[in-house]
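Worksheet for the structure shown next.
Nothing in this text is a laboratory measurement; each read-out follows from the coordinates by a stated rule. Since this is a predicted model, take the numbers as computed values, not measurements. Note: ideal-geometry Cβ built from the backbone for every residue, glycine included; neighbour counts use all protein chains shown.
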Amino acid sequence: MDKYSKQALQVAKEVVIKFIEVGRISPTNFGQNFDVIYKDIMRTVTGVTAGDPSYGAEETAEVETEQGE
């Protein structure tokens, strides 16, 4: 798991906990909401969605560019 995924997971966890505390999310709809929140955070941080096939392709290109210099 890369650093962006770890950070997004931590932020998503904190957001979901806050929503549970205020009653916006319940245990019955936790999975559905967590997935949406996590993907939105990943899209915001990286510019792509975690489930997107191009996810990781940009990182690979950046590493190859850095190594080629």
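Quick notes
- In this rough spin-label picture, where each label sits 7 Å from Cα along the Cβ direction, the Asn29-Val45 distance is 2.5 nm.
- Ascending count of other beta-carbon atoms within 10 Å, so fewest first, for Val45, Val36, Val22: Val22, Val36, Val45
- Gain in span if fully extended, Tyr4 to Ile17, counting 0.36 nm per residue against the direct Cα distance: 2.7 nm
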